[in-house]
Amino acid sequence: MKHTIVITGAGSGLGRGLSQHLAAAGHHILVTDLRLESAEETVQLIKAEGHSAEAHALDVSSETEVEKFWQAHEETPVSVLINNAGLQQVSSIDEFPIDKWDLIHNVLLRGTFLMSRAALPGMKKRGLGRIVHIGSIHSLVASPGKAAYVSAKHALLGFSKVLALETAASDITSNTICPAYIHTPLVDKQIKDQAKVRGISEAEVIEKVMLAPMPKKSFISIEEIVAATEYLISPLARNLTAQTLTLDGGWTAQ
Ligand SMILES: NC(=O)c1ccc[n+]([C@@H]2O[C@H](COP(=O)([O-])OP(=O)(O)OC[C@H]3O[C@@H](n4cnc5c(N)ncnc54)[C@H](O)[C@@H]3O)[C@@H](O)[C@H]2O)c1
């Protein structure tokens, strides 16, 4: 089955990778990002390979922008939404800047709510929907310095389950993929920030902080997230809903 897929935060990292791979699999991708230029770069990469995509500027935390985007796409048969946009801030709670706290919650949680709510009428009308949220290992465990991110990513699991229950009467599902670390620009920045906060080298952050709690001691590749997504958006995953798919190399088994 070929889908029309909306991906948020698709101008970088995982969102870009998902866009490229899912376009190569024959799906049409609406590549959206806060920064139009980066969404356009993703589309150029997709088109250079002969696949199908379009770029749109979209701040997921803005109700006005989200509504405008979905109104403009009322007739577009969007059957998959991937809530991927995200950002990180590493600070201890006693020094956590309130504006960063609000921003992280607005993008990760409010943005997911706004996008999912706006996607539903079309999915219900067409009788098909697959909503995939990009959670994190930090939807399940905590790390110091990440109070806003960890709390928003935990809350995402609850939101996804309510969405699954409220859409259970139709062929719509809501699931969350929770990966451990993926080597993207977001993580590159974190490696630098963690090194500063903890007073250790960047190599030590990778070895002693990021990969230490993970028995398999490996970054998760974008291809692994793509494979999980391809399963979740397939017709045979119609009864797989309200679930958390954790790609953590054994981290949470301990
Ligand atoms: N990289 C990891 O190790 C890792 C691990 C687990 C989960 N995740 C999650 O994967 C997702 C993608 O992260 P990434 O590592 O590719 O990061 P990234 O920084 O490379 O990309 C994030 C993208 O989100 C966009 N964005 C930020 N605010 C936005 C907004 N308000 N509206 C729309 N777009 C916005 C940015 O412009 C950027 O293009 C995030 O939800 C992140 O929490 C990442």
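The values are calculated or read from the model by the stated rules, or taken from the named source; none is laboratory data. Bear in mind that the values here come from a model prediction, so they are computed numbers and not experimental data. Using ideal geometry, Cβ is built from the backbone for each residue, glycine included, and neighbour counts are taken over all protein chains shown.
Test of understanding: among A147, A169, A195, which residue is at pLDDT 95 or above and closer than 22 Å to Q88 by Cβ?
A147
Say whether the condition of being within 10 Å of the ligand (Cβ to nearest atom), more than 24 Å from R126 (Cβ to Cβ), in contact (Cβ under 8 Å) with a residue 40 or more places away in the chain and touching a Gly at 6+ places or on another chain (Cβ under 8 Å) is met by at least one residue in region 21-37.
Yes; the residues of region 21-37 include at least one that is within 10 Å of the ligand (Cβ to nearest atom), more than 24 Å from R126 (Cβ to Cβ), in contact (Cβ under 8 Å) with a residue 40 or more places away in the chain and touching a Gly at 6+ places or on another chain (Cβ under 8 Å).
Rundown of residues vs (1) more than 18 Å from N175 (Cα to Cα); (2) more than 15 Å from the ligand (Cβ to nearest atom); (3) not in a helix (DSSP H, G or I), yes/no style:
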site	(1), (2), (3)
P213	yes, no, yes
K216	yes, no, yes
F219	yes, no, yes
E224	no, no, no
L236	no, yes, no
N239	no, yes, yes
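Considering only region 188-221, state which residues are exposed (fewer than 14 other Cβ atoms within 10 Å of the Cβ) and touching a strand residue (DSSP E or B) at 6+ places or on another chain (Cβ under 8 Å).
None - no residue of region 188-221 is exposed (fewer than 14 other Cβ atoms within 10 Å of the Cβ) and touching a strand residue (DSSP E or B) at 6+ places or on another chain (Cβ under 8 Å), so the list stays empty.
If you check every pair at least six apart or on different chains, which have Cβ atoms under 6 Å apart with a residue in region 1-19 that is touching a residue at least 12 places away in the same chain (Cβ under 8 Å) and on the phi > 0 side of the Ramachandran plot first and a residue that is assigned to a strand (DSSP E or B) and buried (at least 20 other Cβ atoms within 10 Å of the Cβ) second?
Hits for this filter: G9/D33.
It is to be established whether one or more residues within region 102-119 are within 13 Å of the ligand (Cβ to nearest atom), crowded, with 21+ Cβ neighbours inside 10 Å and part of a loop (DSSP other than H, G, I, E, B).
no
If I filter region 156-185 down to residues being within 22 Å of L18 (Cβ to Cβ) and assigned to a helix (DSSP H, G or I), which single residue comes out as farthest from the ligand (Cβ to nearest atom)?
A164
Can you spot a residue in region 79-97 that is part of a helix (DSSP H, G or I), within 16 Å of the ligand (Cβ to nearest atom) and surrounded by fewer than 20 Cβ atoms within 10 Å (Cβ to Cβ)?
no
So, in region 125-134, how many residues would count as being under 25 Å from V187 (Cα atoms) and either away from the ligand (no atom under 15 Å from the Cβ) or more than 17 Å from the chain's Cα centre (by Cα) (or both)?
Selection size over region 125-134: 0.
Limited to region 99-121, what total is found for residues that are among the small types (G, A, S) and more than 14 Å from I7 (Cα to Cα)?
Residues flagged as among the small types (G, A, S) and more than 14 Å from I7 (Cα to Cα) within region 99-121 amount to 0.
Of all residues in region 193-236, which are under 30 Å from M1 (Cβ atoms) and among the small types (G, A, S)?
Scanning region 193-236 gives S221, A227, A228, S234.
In region 241-254, what residues are under 28 Å from I131 (Cβ atoms) and part of a loop (DSSP other than H, G, I, E, B)?
Of the residues in region 241-254, the ones under 28 Å from I131 (Cβ atoms) are 241-253.
Across region 241-254, the qualifying residues are T241, A242, Q243, D248, G249, G250.
Kindly indicate whether any position in region 135-151 is more than 12 Å from the ligand (Cβ to nearest atom) and hydroxyl-bearing (S, T, Y).
Checked region 135-151: at least one residue is more than 12 Å from the ligand (Cβ to nearest atom) and hydroxyl-bearing (S, T, Y).
Taking only pairs six or more apart or across chains, which ones have beta-carbon atoms under 9 Å, a first residue in region 202-222 that is within 18 Å of L186 (Cα to Cα), and a second residue that is buried (at least 16 other Cβ atoms within 10 Å of the Cβ) and among the basic types (K, R)?
Taking only residues 6 or more apart or on different chains, the pairs are I222/R16.
Can you name the condition, by its number, that H56 falls short on among (1) of a type outside the set (S, T, Y); (2) in a helix (DSSP H, G or I); (3) crowded, with 16+ Cβ neighbours inside 10 Å?
Failing condition for H56: (2).
F159 fails exactly one of the following numbered conditions: (1) of a type outside the set (A, V, I, L, M); (2) within 20 Å of L240 (Cα to Cα); (3) more than 18 Å from the chain's Cα centre (by Cα). What is the number of that condition?
Of everything listed in (1) of a type outside the set (A, V, I, L, M); (2) within 20 Å of L240 (Cα to Cα); (3) more than 18 Å from the chain's Cα centre (by Cα), F159 misses just condition (3).
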